[in-house]
Amino acid sequence: MRLYKNGKLVNGETISIGVDDGLIIAINPTNESAYSSIIDLDRNYISAGWIDMHTHCYERMDLYYDDPDEIGYKTGVTTVIDAGTTGALDIGTFYADTRLKKTRVYAMINIAKQGIKTQNELADLNNIDIQMIDQAITKYPDFVIGFKVRMSASVIGDNGIVPLEIAKSIQTQFQKPLMVHIGSNPPLLVDILTRLETGDIVTHIFNGKENGILNHLGRVRKEVWDAHNRGVIFDIGHGRESFSFDVAQQAFKECLLCDTISSDIYHHNRVEGPVYSLAHTMNKLLSVGYSLERVIEMVTIRPAEIMRLPKLGTLAVGNYADLTIFKEQAIHQTLVDSHDVTRTLKRGIQVAAVVIKGEYIEL
């Protein structure tokens, strides 16, 4: 048994956490002598392990790929969710590959059976095979935790809103979360939003494209507010082309905050930028004006709730012993969005260590 003592929560409270066999067994235990190993966190911050709910980490792909551990525990992220890189054709191989990783990996299966092997996976609706999706969910029920549909012009060809309507029918049949990628039109963002319900996830919410959340006056569209108010989930999904400081700042000014922070990370935008890591993306939201407490919530409890991962996201007895240890300190970091707009961050997050499946790893 190991005790992590003198950690600090984002609300300033001191906490100690007892861990054994990959699980949290005690919060603030009084008998330290019961533990065979004690690590003093020296008032560094500690939270439930960070969850990046939009990544691309199937290493066998050509367009979007990465090693789950390179974007995962090595950057302070204990759980990554692949957002539709694979469809039913490759989900079994992806599952087998992830069993060899330290980082905890889940998948939102692409409704197109081939996944993102090309940019236009939904231009041919014959690529959607519901029977194969059913088989994948049946075989990997704890791995396939949702669905992904990419609804932008380069992906859907001439099929308009139809792929989303099919995705919604699949979601109704299997009762798992649905993530919807938005980008260049067609279809129009408003046509997508009006079809979404409470719990559906829109990713790339702060993209700077014409088909984005701001209207011609530079204000948040009414339809965006309507979707937000009925419980549609807004996810960042930074990516190479999908995060604008100006859009995020305007939304913040109008008090429209996103629900979850995700990176949309893969090898190229990790190595070459502008994403680099989930922590780097979190720092961008700090620069916009989000509080540290809100930022941490959006990579822990919120994605765990939304993606229905009950043993993750909170520090509670019986939950997985996945923890992220970090500092919030003076830092000189140049942040770049998807449009080459820069900001200089003077204070931000720096990851110090993780506990992943009970194992302590300094970074």
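Close contacts from region 10-23, counting a first residue that is touching a residue at least 12 places away in the same chain (Cβ under 8 Å) and among the charged types (D, E, K, R) and a second that is part of a loop (DSSP other than H, G, I, E, B) and buried (at least 16 other Cβ atoms within 10 Å of the Cβ), with Cβ to Cβ under 7 Å and a gap of 6+ residues or different chains, come to ASP21/GLY358. Scanning region 133-152 for residues that are under 18 Å from GLU165 (Cβ atoms) and among the small types (Gly, Ala, Ser) yields a total of 2. Out of ILE261, ILE213, one residue alone is over 25 Å from GLY49 (Cβ atoms) and touching a Leu at 6+ places or on another chain (Cβ under 9 Å). It is ILE213. Of the residues that make up region 308-329, is at least one buried (at least 18 other Cβ atoms within 10 Å of the Cβ), out of contact with any helix residue (DSSP H, G or I) (no Cβ under 6 Å at 6 or more places or on another chain) and closer than 21 Å to GLN249 by Cα? For region 308-329, residues buried (at least 18 other Cβ atoms within 10 Å of the Cβ), out of contact with any helix residue (DSSP H, G or I) (no Cβ under 6 Å at 6 or more places or on another chain) and closer than 21 Å to GLN249 by Cα: absent. Residues in region 158-184 that are open to solvent by 10 Å² or more (accessible area, probe 1.4 Å), in contact with a helix residue (DSSP H, G or I) (Cβ under 6 Å, 6 or more places away or on another chain) and within 28 Å of LEU285 (Cα to Cα): SER184 alone. Any residue in region 115-125 that is open to solvent by 10 Å² or more (accessible area, probe 1.4 Å), more than 23 Å from SER242 (Cα to Cα) and touching a helix residue (DSSP H, G or I) at 6+ places or on another chain (Cβ under 9 Å)? Checked region 115-125: at least one residue is open to solvent by 10 Å² or more (accessible area, probe 1.4 Å), more than 23 Å from SER242 (Cα to Cα) and touching a helix residue (DSSP H, G or I) at 6+ places or on another chain (Cβ under 9 Å). The selection criterion, being basic (Lys, Arg), surrounded by fewer than 24 Cβ atoms within 10 Å (Cβ to Cβ) and either under 18 Å from the mean Cα position of the chain (by Cα) or farther than 17 Å from LEU178 by Cα (or both), does not hold for ARG150.
So that you can scan it fast, the table gives a plain yes or no per residue for (1) at positive phi; (2) surrounded by fewer than 21 Cβ atoms within 10 Å (Cβ to Cβ); (3) touching a Phe, Trp or Tyr at 6+ places or on another chain (Cβ under 7 Å); (4) of a type outside the set (Ser, Thr, Tyr):
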residue: GLN249; (1), (2), (3), (4): no, yes, no, yes
residue: LYS253; (1), (2), (3), (4): no, yes, no, yes
residue: CYS258; (1), (2), (3), (4): no, no, yes, yes
residue: SER263; (1), (2), (3), (4): no, no, no, no
residue: HIS267; (1), (2), (3), (4): no, yes, yes, yes
residue: GLU272; (1), (2), (3), (4): no, yes, no, yes
residue: VAL275; (1), (2), (3), (4): no, no, no, yes
residue: MET282; (1), (2), (3), (4): no, no, no, yes
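Candidates ILE349, ILE356: the one that is closer than 15 Å to LEU3 by Cα and surrounded by 21 or more Cβ atoms within 10 Å (Cβ to Cβ) is ILE356. Determine, yes or no, whether GLY218 is over 20 Å from the mean Cα position of the chain (by Cα) and either crowded, with 19+ Cβ neighbours inside 10 Å or on the phi > 0 side of the Ramachandran plot (or both). Against the criterion (over 20 Å from the mean Cα position of the chain (by Cα) and either crowded, with 19+ Cβ neighbours inside 10 Å or on the phi > 0 side of the Ramachandran plot (or both)), GLY218 qualifies.
Candidates TYR106, TYR73, TYR140, TYR64: the one that is surrounded by fewer than 20 Cβ atoms within 10 Å (Cβ to Cβ) and of a type in the set (Ser, Thr, Tyr) is TYR140.
For region 21-65, taking the residues that are outside any strand (DSSP E or B) and among the hydrophobic types (A, V, I, L, M, F, W, C), the one that is farthest from VAL105 (Cα to Cα) is identified as ALA34. Scanning region 1-20 for residues that are over 30 Å from ILE306 (Cβ atoms) and part of a loop (DSSP other than H, G, I, E, B) yields one hit, MET1. Out of all the residues in region 2-37, which are surrounded by 15 or more Cβ atoms within 10 Å (Cβ to Cβ) and either among the polar types (S, T, N, Q) or touching a helix residue (DSSP H, G or I) at 6+ places or on another chain (Cβ under 9 Å) (or both)? If the condition is that a residue be surrounded by 15 or more Cβ atoms within 10 Å (Cβ to Cβ) and either among the polar types (S, T, N, Q) or touching a helix residue (DSSP H, G or I) at 6+ places or on another chain (Cβ under 9 Å) (or both), then LEU3, LYS5, ASN6, VAL10, SER16, GLY18, ALA26 are the ones that fit.
The values are calculated or read from the model by the stated rules, or taken from the named source; none is laboratory data. Everything numeric in this text was worked out from a predicted model, so none of it was measured. FYI the Cβ positions are ideal-geometry reconstructions off the backbone, even for glycines, and counts take in every protein chain you see. Ligands, DNA and RNA are stripped out before the accessible areas are found, and what is left, the full protein with its side chains, is counted by its heavy atoms. Shrake-Rupley method; radii C 1.70, N 1.55, O 1.52, S 1.80 Å.
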